[in-house]
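A quick write-up on the structure given underneath.
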Amino acid sequence: MKYLIVGGRWLYSVIFIMAGFGHFKAQTIGYAASQGVPLASLAVPLSGLMAILGGLSIATGYKSKWGAWLIVLFLVPVTVMMHRFWGLTDPQAAMMQQIMFMKNVSMLGAALVFTQVGSGPASLKD
């Protein structure tokens, strides 16, 4: 059981850790700016840092409740600003953005659970 929880934490966290590094690239910052993200040159790298730190925190179990709050704070604005499927006229693009929106909503739900229950067994320290 202990290893299932550890594996689940790592599987959940890897998307934040890997994607977070992309938030420091000019292309990612430019795309976010084109989507209306205010102060994208600051907000996007900051969101990448939040994703990386939150992901590592949950994966290792070190201060995972705080890390989960970082993921919540990351996901809420990213989901609303970057996956606005309701404003698209192209049905295929709208469907893809709706899928991404719902993926983020499900990850938000898991992050909210981590904020309350922590990381479980085999954690560095919660």
Principal-axis tilt of helix 64-82 within the chain, Cα atoms, nearest 10 degrees: 10 degrees
Accessible area (Å², per residue) of region 43-126, counting only protein heavy atoms and a probe of 1.4 Å: 55 Å²
Listed residue (PHE24, THR79, GLY61) projecting farthest to the positive dipole end of the chain, Cβ model: GLY61
Highest average packing first - 82-95, 6-19, Cβ atoms within 10 Å: 6-19, 82-95
Length-normalised contact order of region 1-100 in % [C-alpha pairs under 8 Å, at least 6 apart]: 24 percent
Accessible area of region 11-126 belonging to carbon and sulfur atoms, whole % at 1.4 Å probe: 74 percent
Angle in degrees between helix 2-22 and the longest Cα principal axis of the chain, rounded to the nearest 10: 30 degrees
Crossing angle, helix 40-60 versus the chain [Cα axis fit, 0-90 degrees, rounded to tens]: 20 degrees
Members of LYS65/LYS125; LYS2/LYS125; LYS25/LYS63 lying beyond 18 Å, as alpha-carbon distances in this model show: LYS25/LYS63
Rounded to the nearest 10 Å², the accessible area of TYR62 at probe 1.4 Å: 120 Å²
Spin-label model distance (nm) - LYS2 vs GLN98, 7 Å beyond Cα toward Cβ: 4.5 nm
Ratio Rg/Rh, restricted to region 1-62 and using Cα atoms, in which Rh is the Kirkwood radius: 1.14
Probe 1.4 Å - accessible area at SER34, Å² to nearest ten: 80 Å²
Volume in Å³ per residue [convex hull over Cα atoms, computed for the chain]: 98 Å³
The chain - charge dipole about Cα centre, Lys and Arg +1 at Cβ, Asp and Glu -1, debye rounded to 20: 300 debye
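The values are calculated or read from the model by the stated rules, or taken from the named source; none is laboratory data. As the structure is a prediction and not an experimental result, all values here were calculated from the model. Neighbour counts run over all protein chains shown; Cβ positions are idealised from the backbone, glycine included. What goes into the accessible areas is simple: the full protein's heavy atoms, side chains included, and nothing from ligands, DNA or RNA. Shrake-Rupley method; radii C 1.70, N 1.55, O 1.52, S 1.80 Å.
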